[in-house]
Amino acid sequence: MRRIACLALAALATACGDNLPTPEEIDDAKARVERLAASTHQVRGALEMLGLMPVYTCGEPRRSFLNQAVAGLSSTVACATARVEAVDAVTDAVVVSFPSSGCDVHGLRFTGRAVLEYRGGEDLLEMQADLRELAVDGRTLQAKVGYGTCSDETRLFADVEGQVPGREEHSFHINSRVGKRDGLPIIGGTTLVFDGPGELKGPNGTDRITLTSLLYEVGNYLPKEGTALVETADGHRLSLSFQPVLWRVGKVEVTVDDKDPVTVPVVR
């Protein structure tokens with residue numbers, strides 16, 4: 001898994017003012033940011049599984065849409081196989097299977113299988129994916145992701161938990177609403193926007209996190225823009241504000257409690 005190579009805070013950070021975080025606080029912030037990034041990377045992988053299938057076109061017969069979508073998936077992702085199965089009178093499932101050697105999509109490796117259930121159609125459709133048999137970059141997830149559409153509001157959700165990659169003593173749970181911005185598709189496009197709560201558990205307790213308009217571009221490990229608030233188990237507040245600079249180069253402004261912010265360059 002790619003590490004956050006540019007989060008060498010002590011060496012690369014710049015700031016103005018006399019009320020700066022201590023070296024110990026900077027090291028602690030770096031470790032928490034790395035754990036958060038590794039966790040949201042897993043959530044992004046779960047959602048990009050949905051992006052392999054097009055979003056349902058309202059007004060189209062459900063089965064007709066799924067047959068065409070599965071044919072399209074097989075032609076664009078040759079290493080995956082998919083089939084449509086009837087569940088009941090109003091529900092069809094798409095079973096997507098990946099080879100044991102893995103299938104690389106947008107910089108992520110998928111193995112196992114996913115079951116995507118489509119219920120309703122034409123006027124109102126709910127889609128929910130069971131990803132418990134799917135592994136992303138070698139990690140299995142307890143994940144529920146899906147969307148609702150053809151009503152007054154289109155919504156996308158991700159409820160994902162698992163171990164933090166590379167840090168076996170830590171686990172995460174993120175319950176995120178994933179929305180769209182004007183002109184951007186919900187899924188199947190190039191951008192995901194995360195909003196919602198979560199938590200990171202470790203030997204020293206549970207950190208509570210809040211994601212606000214955290215925008216990821218497909219294939220990038222770190223967000224392009226947006227904020228994340230980490231309320232640590234020992235009573236501190238860590239605010240992270242991601243901002244773009246050039247192409248895949250960005251920066252994150254790190255604020256520890258009421259100390260002066262520290263600006264860190266990152267490569268997404």
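For segment 111-142, GluC sites (Glu not before Pro) are listed when DSSP marks them as loop and at most 15 other Cβ atoms sit within 10 Å of their Cβ; the list is Glu122, Glu133.
Can you give the accessible area per residue of the chain, in Å², using a 1.4 Å probe? Using a 1.4 Å probe on heavy atoms only, each residue of the chain averages 47 Å².
Cα extents for segment 201-268 along the principal axes, largest to smallest and rounded to whole angstrom: 37, 26, 20. Normalised size of segment 16-164, defined as Cα radius of gyration per 2.2 N^0.38 Å with N residues, equals 1.29.
What separates the Cα centres of segment 53-71 and segment 89-115 is a distance of 17 Å. Binning all Cα-Cα separations of the chain at 10 Å, short to long from zero, yields these whole-percent fractions: 7, 29, 33, 20, 9, 3, 0.
Take the convex hull of the alpha carbons in segment 51-133; its mean projected area over all directions comes to 5.3 nm². From its DSSP helices (H runs of at least four residues, each -39,500 (n - 2.57)), the chain gives a residue-normalised ellipticity at 222 nm of -6000 deg cm²/dmol.
Each residue of segment 241-249 was assigned a 3J(HN,Hα) from its phi angle through the Karplus expression (A = 6.51, B = -1.76, C = 1.60, θ = phi - 60°), giving 10, 8, 9, x, 10, 9, 6, 8, 9 Hz with x at Gly and Pro.
The values are calculated or read from the model by the stated rules, or taken from the named source; none is laboratory data. Only a predicted model underlies this, so the values are computations on that prediction, with no experimental measurement involved. Positions of Cβ are backbone-derived with ideal geometry, glycine not excepted, and every protein chain shown enters the neighbour counts. What goes into the accessible areas is simple: the full protein's heavy atoms, side chains included, and nothing from ligands, DNA or RNA. Shrake-Rupley method; radii C 1.70, N 1.55, O 1.52, S 1.80 Å.
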